[in-house]
1. Return yes when T34 is loosely packed, with under 11 Cβ neighbours inside 10 Å, over 23 Å from G244 (Cβ atoms) and hydroxyl-bearing (S, T, Y) and no when it is not.
2. Among the helices (runs of 4 or more DSSP H) confined wholly to the stretch 127-204, which include 1 or more residues that are touching a residue at least 40 places away in the same chain (Cβ under 8 Å)?
3. Select from the stretch 152-166 the residues that are among the β-branched types (V, I, T) and within 24 Å of the chain's Cα centre (by Cα) and list them in ascending order.
4. Identify, please: which residue in the stretch 232-266 is surrounded by fewer than 17 Cβ atoms within 10 Å (Cβ to Cβ) and over 19 Å from M196 (Cβ atoms) and is, among those, modelled with the highest pLDDT?
5. Can you pull out the residues in the stretch 222-231 that are open to solvent by 60 Å² or more (accessible area, probe 1.4 Å) and either closer than 14 Å to V76 by Cα or in a helix (DSSP H, G or I) (or both)?
6. When you look at V30, is it at pLDDT 85 or above, under 28 Å from the mean Cα position of the chain (by Cα) and either aromatic (F, W, Y) or assigned to a helix (DSSP H, G or I) (or both), yes or no?
7. Residues to consider are G153, G141; find the one that is more than 21 Å from F201 (Cα to Cα) and crowded, with 17+ Cβ neighbours inside 10 Å.
8. Output the number of the condition that I114 fails; it satisfies all remaining conditions of (1) outside any helix (DSSP H, G or I); (2) out of contact with any helix residue (DSSP H, G or I) (no Cβ under 9 Å at 6 or more places or on another chain).
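The values are calculated or read from the model by the stated rules, or taken from the named source; none is laboratory data. Keep in mind it's a predicted model, so treat the numbers as computed, not measured. Ideal geometry is used to build each Cβ from the backbone, glycine not excepted, and the neighbour counts take in all protein chains shown. Heads up: the accessible areas ignore ligands, DNA and RNA and are worked out on the full protein's heavy atoms, side chains in. Shrake-Rupley method; radii C 1.70, N 1.55, O 1.52, S 1.80 Å.
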Amino acid sequence: MTAAIQARPAAIRWVVRGLSILACIALWQVASATHLNLGIVTFRNVPPPLEVVQSALALFRSPKLVPHITSSLWRVFAGYGAAVVLGVIFGFAIGRSRATSDLLLPPLELLRPIPAVAWIPLSILIFPSSELSMIYITFIGALFPIVLNTVHGVANVDRRLLAAARSLGAGELAILREVVLPDAAPSIVTGLAIGMGTSWFCLVTAEMISGQFGIGYYTWEAYTLQNYADIIVGMLVIGLLGMGSSWLLTTAGRLLMPWRSPKVAR
């Protein structure tokens with residue numbers, strides 16, 4: 001009986017979420033059909049949902065779909081994987097050592113505000129191929145949120161837990177493995193999820209300038225050819241890929257942290 005009562009609000013929430021999406025699509029249809037003009041915003045050239053669906057079906061039947069998606073996925077996960085390794089290592093080093101923090105944190109904070117677009121010319125000069133430069137852009141985009149969230153999690157570990165572990169004779173490696181990592185894991189997972197989203201943002205920017213295949217290149221090419229429906233299709237594919245990647249990370253994080261009860265119902 002209790003399980004049925006709990007399942008009912010969850011089902012209602014999913015219905016509400018579905019209805020909100022349908023409402024947005026309906027508003028989009030009305031605005032496109034009536035060529036709504038709000039002064040600073042106009043829907044005169046925005047294609048209606050049905051035209052976007054037709055373009056999406058055409059893309060799914062096209063042989064270019066697989067090269068576009070695989071190229072983007074490879075670039076994201078190559079750069080993101082490198083950012084995870086270096087970001088977590090740097091984050092632990094900075095969070096656990098004041099000397100390392102003084103050495104590494106100032107240059108990272110100096111470079112962090114630089115937008116992805118500004119890195120593209122330098123990456124083209126540094127790397128011999130456009131492929132490596134695009135991977136580097138995704139790496140840079142993911143690195144800073146991973147580092148900073150890892151530093152936050154490691155630096156804010158409960159000091160009483162550290163003192164208790166030392167009083168029981170635990171060594172430094174045991175403390176890192178048994179105390180610091182479990183306590184900092186929620187912040188690290190948050191940084192990983194944010195870094196994944198930033199990687200997709202940076203990749204699309206890089207592909208628009210340097211790519212020949214990829215979802216970002218497909219979207220930019222649609223704009224230059226004035227295929228407006230394909231622009232929205234590209235945007236939706238990017239959103240789905242980014243959302244799916246972040247969902248996989250957060251789901252894996254919850255599975256790897258069974259001791260942490262969720263605070264917000266999903």
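1. The answer is yes for T34.
2. Numbers: elements: 130-155, 159-167, 172-175.
It comes to 130-155.
3. Within the stretch 152-166, the first condition is being among the β-branched types (V, I, T), and the residues that meet it are 154, 157.
Across the stretch 152-166, the qualifying residue is only V154.
4. The first filter runs over the stretch 232-266 and keeps only residues surrounded by fewer than 17 Cβ atoms within 10 Å (Cβ to Cβ), leaving 235-236, 239-240, 243-244, 247-248, 250-252, 254-266.
This time we only want the ones that are over 19 Å from M196 (Cβ atoms), so: 258-265.
Values: P258: 72, W259: 65, R260: 64, S261: 54, P262: 52, K263: 50, V264: 44, A265: 43.
Per the criteria, the residue is P258.
5. Pass one, the stretch 222-231, residues open to solvent by 60 Å² or more (accessible area, probe 1.4 Å): 223-228.
Residues satisfying the conditions are Y223, T224, Y228.
6. Working: at pLDDT 85 or above: yes; under 28 Å from the mean Cα position of the chain (by Cα): no; either aromatic (F, W, Y) or assigned to a helix (DSSP H, G or I) (or both): yes.
Criteria not met by V30.
7. Values: G141 fails: more than 21 Å from F201 (Cα to Cα).
After applying the criteria, what remains is G153.
8. (2)
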